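Notes for the one structure printed next.
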Amino acid sequence: HMERYLSRSARYLKLMKKIIRENGLPEDLIYIALIESGFSSKAMSRAAAVGYWQFIKPTGKRFGLEINALIDERRDYVLSTQAAAEYFKGLYSMFGSWYLAMASYNVGENRVKKEVMRHYTRDFWELARKKRFPKETINYIPKFIAAKLIGNDPAKYGFTDVDYMSPLEFELITVNKPVNLRQMAERMEMEYDDLKQLNPKFKGEIAPLKNQTLELRVPINMKEKGLIAAQQSSVDKIEYVADAGE
């Protein structure tokens, strides 16, 4: 599992670290995404938490993520990372402890607040020793520490032969009509799945407008080609057209 997650992490580390850094947070928070989802946009938990940072629907919406029949911004590596950064800013300001902020991310801030007030301590380890959190939350912080140690020096821990994926790079185009992404990919002479990997928030083939415009990500040096393809692939009917396996 770890080898696969490390391989996939290379796609997102640079981009996500930049967002976390711009929010004044420690870059190592990126490893929360590793233990939550293994950097998979399609990850979904038993509690219906979705995406890289495993937001449940109410929390995602609380931090401005759009979730509807056509779009799920919890699957978007940029938008969900920004939402996670905002959530962590709030949690850290509440507890003044990164371990308690992480525990809150896992089990909810109200549960952590209750235990902190009941036991007069902000020491995560003391609360863990007293078994004041569920087992999953008690193990969550050691899992994060392990992921961080391995992620920052994989070779030291025996991960010497990881086939790292290429970092995500893209340019933005803007159009004013909804687009069929499958047709657009064909016109750009690229794989549909590759275009969807750049734009994972769209649940199916159709990319609808938001505030009268549609912003799409295309590979580097394909901006002009992408703009023409998007304009030629516009649709009048907005409907959910499922991807294979969805």
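The values are calculated or read from the model by the stated rules, or taken from the named source; none is laboratory data. Here the structure is a predicted model, which is why all the values come from computation and not from measurement. Don't worry about glycine lacking a Cβ; one is built from the backbone with ideal geometry, like all the others, and counts go over all protein chains shown. Ligands, DNA and RNA are stripped out before the accessible areas are found, and what is left, the full protein with its side chains, is counted by its heavy atoms. Shrake-Rupley method; radii C 1.70, N 1.55, O 1.52, S 1.80 Å.
Here are the numbers for this structure:
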quantity: Peptides 225-234, 75-84 ordered by average Cβ neighbours within 10 Å, highest first; calculated: 75-84, 225-234
quantity: Mean accessible surface per residue for the chain, computed with a 1.4 Å probe while every protein chain stays in place, in Å²; calculated: 53
quantity: Reduced Cα scattering model of region 190-236, Debye log10 I(q)/I(0), q = 0.30 Å⁻¹; calculated: -1.50
quantity: Cα-centred dipole magnitude for region 1-139, charges only on beta-carbon of K, R (+1) and D, E (-1), debye, nearest 20; calculated: 380
quantity: Peptides ranked, highest mean first, by Cβ atoms within 10 Å: ranges 162-171, 180-189; calculated: 180-189, 162-171
quantity: Reachable lysines, given that their alpha-carbon falls under 16 Å from the alpha-carbon of K130 and they are not under 8 places away in the same chain; calculated: K113, K114
quantity: On Cα atoms only, tilt of 2-22 relative to the major axis of the chain in degrees; calculated: 90
quantity: Positive-pole candidate from L91, S104, M44, dipole of region 12-105, charges at beta carbon; calculated: M44
quantity: Set K14/K203; K17/K61; K42/K135; K17/K148 screened for pairs whose C-alpha atoms are more than 18 Å apart; calculated: K14/K203; K17/K61; K42/K135
quantity: Whole-Å distance, taken between Cα centres, linking region 1-30 and region 121-187; calculated: 6
quantity: Angle between the chain longest axis and helix 135-152 axis [Cα atoms, degrees, rounded to 10]; calculated: 60
quantity: Farthest positive-ward along the chain dipole, Cα basis, beta-carbon charges - from L149, M188, A230; calculated: L149
quantity: D (Stokes-Einstein, µm²/s), Kirkwood Cα radius, region 48-127, 1.002 mPa s at 20 °C; calculated: 161
quantity: Simple Cβ-charge dipole of region 107-186, Lys/Arg +1 and Asp/Glu -1, about Cα centre, in debye nearest 20; calculated: 920
quantity: Accessible surface of region 80-137, 1.4 Å probe, proportion on carbon and sulfur as whole %; calculated: 50
quantity: Estimated dipole of the chain in Debye, rounded to 20 [Cβ of Lys and Arg +1, of Asp and Glu -1, Cα centre]; calculated: 1260
quantity: For semi-axes √(5λ) of the Cα gyration tensor in Å, calculated from these coordinates, the label among (i) 48, 24, 16; (ii) 36, 21, 15; (iii) 31, 26, 19; calculated: (ii)
